[in-house]
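J.: Just dropping this structure here.
No value in this document is a laboratory result; all are computed from the given coordinates. These figures come from a predicted structure and were not determined experimentally. Positions of Cβ are backbone-derived with ideal geometry, glycine not excepted, and every protein chain shown enters the neighbour counts.
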Ligand code: FDA
């Protein structure tokens, strides 16, 4: 349609809206200039609006998962890439003043894109430039800024010491900001728990743009941001973490078996054994299509010790797997982080951990999660095999719990999936072909698999892991803060801790400025005032 065909009233409306929009943009920019360091603001080095040449590239770099597009979202009015905390404080002040929501993006790996998509007018605060890491060897701690990736963290720790590590996720390009604030786990989970279990301090910018450390924010807010999702409470700018001891030599192995009758038997044994093994041994399962066109199960393992120590342990506790020394490789802990990402330790340089975008090509992706509390019977694995063979990339990853996870009470942090959990399940489907039919086929596939699994996994509620974000389990409409509505998905992620999260939210952000489809709502009283609790 050409402009001159538009009715005059509509033209007037468009012209007014355009002017309001430009005026808002100018207002926001000048607000930022008033509230942040003048040196940078001169040439807007860290603020990108849709007219900046840098904007389109930045914006498309956010969309690693093609399923997450901007059809249901507006585009951000600004992308703010701060270098200093003053600039983040300014974004909070000016976002509030000009009615712009804030989406905070650290590594950008959110499975539903909540760090860069929003249905209301918004800005993205992207912490890519906010990623310093400093390791204190004497204290065995580190300060890490939220925009750092796990790979950058592991790399910095390993450059300082070969006997220190950190228990967080497997994919090196995941951002510390989202990962720590949602829990975060990887191969050291059974020995040391979650990343969030090993956080000892943090700096957060709250809704009033104050910078608060642990002492200033208080123990309840500090509790909430270690597993309850940071985006509901403010912008977390840095974390102090307790590093953990790892031996100079660890052992890894990956045993491939077809998911035939013998494979299913091994899965059964694994279900009974994996969460009860010594804490130094982590064996996870991956079910997927093999290169040979069969569905296979991978026994993928990290042992915190040598092959010589591992062999008698496996012979005693899981002889059926038939592990031989030739299946195992010894290496340093940092090399094992490459191994689990399918790099070649010893051949690929450690610097591959510093790649912020490791994906070779963009694809469509959907994920969902479950927790198993009882072993699942054979007939289910037969059906799962059939389902996995129906798509090219349909994966189930099962991470064993037990060990340290059994020792931490459910209410210690917002992440409640502790004692009695045998393992976590991550379902993933991935595809590359464009088009609605392909999208529907793959989305149906994962949703049907999820429905099929319902009787065999945790129930009342059927639980889910916040970091494996899934809007299928429920979400808040923009602006809707009904507690009962949010409790549907909230109790799945947090069980009994959801109410405490809402209480903390009422106290620290009673007007619900930091809001998204799955943010914690404040609790309101009958008169629609936020309930303020004594804590
Ligand atoms: P992103 O920047 O997208 O943020 C995620 C959420 O946190 C958003 O709501 C965002 O607004 C909020 N947020 C981010 N930074 C914030 C800050 N500084 N302050 C306040 N809020 C902030 N998980 C796991 O436990 N173990 C694993 O091994 C893996 N592996 C893995 C691999 C791949 C390829 C993907 C895509 C995901 C995983 N995950 C995972 C899940 C991962 O932990 C989860 O997606 C994290 O939230 C990602 O954190 P990012 O900072 O990258 O995400």
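J.: Cα axis of helix 8-35 to longest principal axis of the chain: angle in degrees, 0 to 90, nearest 10?
T.: 70 degrees
J.: Which order, highest average first, do 155-167, 221-233, 128-140, 323-335 follow once you tally other Cβ atoms within 10 Å for each residue and take the mean per peptide?
T.: 221-233, 155-167, 323-335, 128-140
J.: Can you tell me the relative contact order of the chain? Whole percent, Cα pairs under 8 Å, sequence separation 6 or more.
T.: Averaging sequence separation for qualifying contacts and normalising by length gives 14 percent for the chain.
J.: Oh, and also: Which whole-number percent gives the relative contact order of region 137-176, counting Cα pairs below 8 Å spaced six or more residues apart?
T.: 53 percent
J.: Given the chain, what percent of its DSSP beta bridges are antiparallel, to the nearest 5?
T.: 85 percent
J.: Extension gain residue 208-residue 326, at 0.36 nm per residue separation less the Cα-Cα distance, in nm?
T.: Contour length minus the Cα-Cα distance gives 36.6 nm.
J.: Run the helix sum for the chain: -39,500 (n - 2.57) per DSSP H stretch of 4+ residues, divided by residue count, reported at 222 nm to the nearest 500 deg cm²/dmol.
T.: -9500 deg cm²/dmol
J.: Still on this structure: Given a cut-off of 16 Å, what percent of all Cα-Cα pairs of region 101-182 lie beyond it?
T.: So the portion of pairs separated by more than 16 Å is 53 percent.
J.: Also, I was wondering about something else. How big is the shadow of the Cα convex hull of region 309-383, averaged over all directions, in nm²?
T.: Averaged projected area of region 309-383's Cα convex hull equals 8.9 nm².
J.: Per-residue counts of other Cβ atoms within 10 Å, averaged by peptide: what ranking do you get for 269-277, 51-59, highest first?
T.: My ranking of the peptides, most packed first, is 269-277, 51-59.
J.: Now for a different question. Distance in nm between label sites at residue 477 and residue 380, each 7 Å beyond Cα in the beta-carbon direction?
T.: My value for the distance between the label points is 3.6 nm.
J.: Stick to the Cα atoms of region 348-447, pair each with every other, and give me the Kirkwood hydrodynamic radius in Å at one decimal.
T.: About 16.4 Å, per the Kirkwood formula over Cα pairs.
J.: Continuing with this model, one more query. Using 7 Å Cα-to-Cβ label points, what is the residue 355/residue 136 separation (nm, one decimal)?
T.: So the label points at residue 355 and residue 136 sit 3.5 nm apart.
J.: Sketch the reach of a paramagnetic label on residue 393 as a point 7 Å from Cα along Cα-to-Cβ, and name the residues of region 161-204 whose backbone nitrogen lies under 16 Å away.
T.: 171-174, by backbone N distance to the label point.
J.: I would also like to ask the following. Any idea what angle helix 150-160 forms with the longest principal axis of the chain, computed on alpha-carbon atoms, 0 to 90 degrees, nearest 10?
T.: 70 degrees
J.: Can you give me the three principal axis dimensions of region 358-411 from its C-alpha atoms, in Å, biggest first?
T.: Sorted from largest, the Cα extents of region 358-411 read 40, 35, 16 Å.
J.: Using Cα atoms only, what is the angle between the long axis of helix 378-389 and the major principal axis of the chain, expressed in degrees (0 to 90) to the nearest 10?
T.: Helix 378-389 sits roughly 60 degrees off the main axis of the chain.
J.: Oh, and also: Using packing as a proxy for protection, rank 283-292, 115-124 so that the peptide with the highest average count of other Cβ atoms within 10 Å comes first.
T.: Descending mean neighbour count gives 115-124, 283-292.
J.: Continuing with the same structure: Average projected area of the Cα convex hull of region 91-231, in nm²?
T.: For the Cα atoms of region 91-231, the hull's average projected area reads 8.9 nm².
J.: Oh, and also: When every alpha-carbon pair in the chain is counted, what percent end up more than 29 Å apart?
T.: For the chain, the share of Cα pairs beyond 29 Å comes to 54 percent.
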